[in-house]
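The next block holds one structure in the form of structure tokens; read it before the comments.
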Amino acid sequence: MAGPLAFLEPGTPILGALATPVGELSVTWQGASLFSELTCRSLTVVTFTLTTSMTTKYNDIAYLLGRVFPAPIDQVALLTYRFTFIMLETLEDLVKSTLARGANLGEFWANRRLYARIFGMTMLTAIERSERLVKSMEARGYEGDLTLYSTVRRPPASEVAAVVGLFALVVSYALVVSYGVVAI
């Protein structure tokens, strides 16, 4: 979504304007700045989400998803979480087998058909595994509830203090950068 904003932001053009039937189109310094800011923000959110979900115990995630989301959404989220690791393993196996056969994955555009085959095989394998998973879950009596009935223990005081300290640091940074508040 940040891409079109780089062209639509008013300001000083970087390389000049390109004439189009609808008017002139150019990337401005303000648009490039906005593009980089939005890209960094979105990558920060994705990195945080992946780090949190990949380092938290499954029981804790299952308990929290069961408490936060309504019935069908929590089950879809739990199955997606479990299946993410299977998809990554499948993708790693396909890349290893492709490299073992002498393929060069260096340049994307030159190897776009190979990348498309790897992506297609990953999707086909994922669909096949998901069908097998559904059949095995139904055979074991799955009735639509994966929620664990346990509790999540409270974190140690040192971890809570670290999170509160980091939160205070982020808020103070935002106040200084966004609003120009000077710390006394």
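Is it the case, given these coordinates, that SER130 is in a helix (DSSP H, G or I), among the small types (Gly, Ala, Ser) and either open to solvent by 80 Å² or more (accessible area, probe 1.4 Å) or without any contact (Cβ under 8 Å) to a residue 24 or more places away in the chain (or both)?
So SER130 fails the test.
Which of (1) without any contact (Cβ under 8 Å) to a residue 12 or more places away in the chain; (2) among the hydroxyl-bearing types (Ser, Thr, Tyr); (3) surrounded by fewer than 11 Cβ atoms within 10 Å (Cβ to Cβ) is the odd one out, the single condition THR12 does not satisfy?
Only one criterion in (1) without any contact (Cβ under 8 Å) to a residue 12 or more places away in the chain; (2) among the hydroxyl-bearing types (Ser, Thr, Tyr); (3) surrounded by fewer than 11 Cβ atoms within 10 Å (Cβ to Cβ) is unmet by THR12, namely (1).
Look at the range 27-63 and say how many of its residues are out of contact with any helix residue (DSSP H, G or I) (no Cβ under 7 Å at 6 or more places or on another chain) and part of a loop (DSSP other than H, G, I, E, B).
2
Which residues, taken from the range 38-83, are touching a residue at least 24 places away in the same chain (Cβ under 8 Å) and either closer than 30 Å to GLY3 by Cα or touching a Gly at 6+ places or on another chain (Cβ under 7 Å) (or both)?
Result: LEU38, THR39, SER42, SER53, ASP74, GLN75, TYR81.
Does GLU24 satisfy the condition of being over 30 Å from GLY120 (Cβ atoms), among the charged types (D, E, K, R) and assigned to a strand (DSSP E or B)?
Answer is yes for this residue.
In this structure, does LEU114 turn out to be free of Cβ contacts under 8 Å to residues at least 24 places away in the same chain and open to solvent by 100 Å² or more (accessible area, probe 1.4 Å)? Give the steps one after another, and end with the answer.
On the way: free of Cβ contacts under 8 Å to residues at least 24 places away in the same chain: yes; open to solvent by 100 Å² or more (accessible area, probe 1.4 Å): no.
No; evaluated as a whole, the condition is false for this residue.
The values are calculated or read from the model by the stated rules, or taken from the named source; none is laboratory data. The model shown is predicted, which means the values in this text are computed figures rather than measured ones. As a convention, Cβ positions derive from the backbone with ideal geometry for all residues, glycine included, and neighbour counts pool all protein chains shown. Keep in mind that these areas ignore ligands, DNA and RNA; they rest on the heavy atoms of the full protein, side chains included. Shrake-Rupley method; radii C 1.70, N 1.55, O 1.52, S 1.80 Å.
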